[in-house]
Amino acid sequence: MTENYTFDTHYKNLSEDYNTQNNTTLTLARVISQYKGMYLISTENKTMNAVISGRMRFDAIYPQDLPSVGDFVMADTTDDVTAVIHAVLERRTVFIRKAAGTSKDSQLIAANVDTVFICMSLGEDFNIRRLERYLAVMNQSGSDSVIVLTKADSANDVVSRLSELTVFGDKYPVVISSAYDETGLDKLKKYIIPGKTIAFTGSSGVGKSTLINKLLGEDIQRTNALRDDEKGRHTTTNREIFTLPGGAYLMDTPGMREMGMWTDSSGLQDVFSDIEELISLCRFSDCSHTVEKGCAVLSAIKSGELDKTRWENYLRLNKEISYARDSEDYLAKKEQWKKEISRKNKAMKKNKNRF
Ligand SMILES: Nc1nc2c(ncn2[C@@H]2O[C@H](COP(=O)(O)OP(=O)(O)O)[C@@H](O)[C@H]2O)c(=O)[nH]1
Ligand SMILES: [Mg+2]
Ligand SMILES: [Zn+2]
């Protein structure tokens, strides 16, 4: 397969700097798919398999230290069969998912995504609390979010569903779409411009792959027949980037059952600006919003101005952030402890040799 990518000047410059600083002649490439330890990368003129260098594997502590789909990497492509990735160039955005609940695992889903289409079906799947979560996670990633409401052809109460979105004000563009009757495709295409990477995310079965197919104009993605419960099945097993002839990138992401928050609480501010505003109006600056007189949050819930489930979702997401922060501290301490032990071991060995 021969591709003809043109990377943007930002990454071309970074790659030249890398080669100068490290006295190497590595090639700039983009990771377009990943399966376990295997990568598929595209240079400006070819697509090939790649693995990471032993050094890179050895040095990696966190999953984020390894290449992910969307990364721009420096690779040795002299071997025609398999390239070797030596470095990841600085990411513009990172889409990290933290598995919710008690797990400490985080997963880098994609790098360098400019715009995320957060897809939600106008059918049974429609859930404003889930949308809040996706928006918050995507805000953390640094990418711009567009709310894409899918399957408009089969929806019946679009008006009431749209009214639920008014809590976000006009912070996020909303596109009503249908891959079946092609509603809204023109609006989506406005975001798909050369050089930009657009990721599709949202629950499994909402129609992401079908939309991507439509936009690509050919049946590259596999889609799955709808089950009665509208959930669909997990069809996209790994993340993959598709390049449009004009030079834009479309990325499919697998259906994610859990979409936890990581350590940066900035993601919440935009999604819940009304709540943050209310909190600033509470009479006491250390208000716990549970029993206090003059609590603006409690009175807004009472008056119906603030939906209680929205408040609870806000609390839940905040809690996840503190949990993620704690576990990061824990990992850092563990790393410190490992270093300490290896230092002591070395010192002991030295002493042994001496006596
Ligand atoms: N009614 C309707 N069904 C759709 C539309 N787009 C996709 N579907 C169906 O929804 C199911 C899941 O689609 P798929 O693209 O695999 O969803 P994904 O898991 O988000 O990638 C399939 O049965 C599709 O045929 C649409 O615009 N309207
Ligand atoms: Mg899919
Ligand atoms: Zn309060």
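Annotations
- Condition check for Val81: of a type in the set (Val, Ile, Thr), modelled with pLDDT of 85 or more and crowded, with 20+ Cβ neighbours inside 10 Å: no
- Restricting region 14-29 to residues that are surrounded by 12 or more Cβ atoms within 10 Å (Cβ to Cβ) and among the polar types (S, T, N, Q), the residue that is nearest to Leu89 (Cα to Cα): Ser15
- For region 136-181, the tally of residues that are on the phi > 0 side of the Ramachandran plot and modelled with pLDDT under 95 stands at 2.
- Listed by first and then second residue, the pairs with beta-carbon distance under 6 Å, at least 6 apart or on different chains, first residue in region 258-277 and over 22 Å from Leu108 (Cβ atoms), second assigned to a helix (DSSP H, G or I) and at pLDDT below 65, form an empty list.
- Members of region 155-176 found to be small (Gly, Ala, Ser) and crowded, with 16+ Cβ neighbours inside 10 Å, listed by number: Ala155
- Condition met for Ile32 (at pLDDT 90 or above, over 26 Å from Glu335 (Cβ atoms) and surrounded by 12 or more Cβ atoms within 10 Å (Cβ to Cβ)): yes
- Only a single item in (1) within 20 Å of Gly123 (Cα to Cα); (2) modelled with pLDDT under 90; (3) over 15 Å from the mean Cα position of the chain (by Cα); (4) within 11 Å of ligand 1 (Cβ to nearest atom) is not met by Asn213, and it is number (1).
- Odd one out for Ile61 among (1) at pLDDT 95 or above; (2) surrounded by fewer than 13 Cβ atoms within 10 Å (Cβ to Cβ); (3) among the β-branched types (Val, Ile, Thr): (1)
- A single member of Val167, Val206 is within 16 Å of ligand 2 (Cβ to nearest atom), in the same structural domain as Thr243 (by TED's automatic domain parsing) and not charged (D, E, K, R), and it is Val206.
The values are calculated or read from the model by the stated rules, or taken from the named source; none is laboratory data. What you see is a predicted model, and the numbers here were worked out from it, not measured in a lab. A quick note on method: Cβ atoms are made from the backbone with ideal geometry, for glycine too, and the neighbour counts reach across all protein chains shown.
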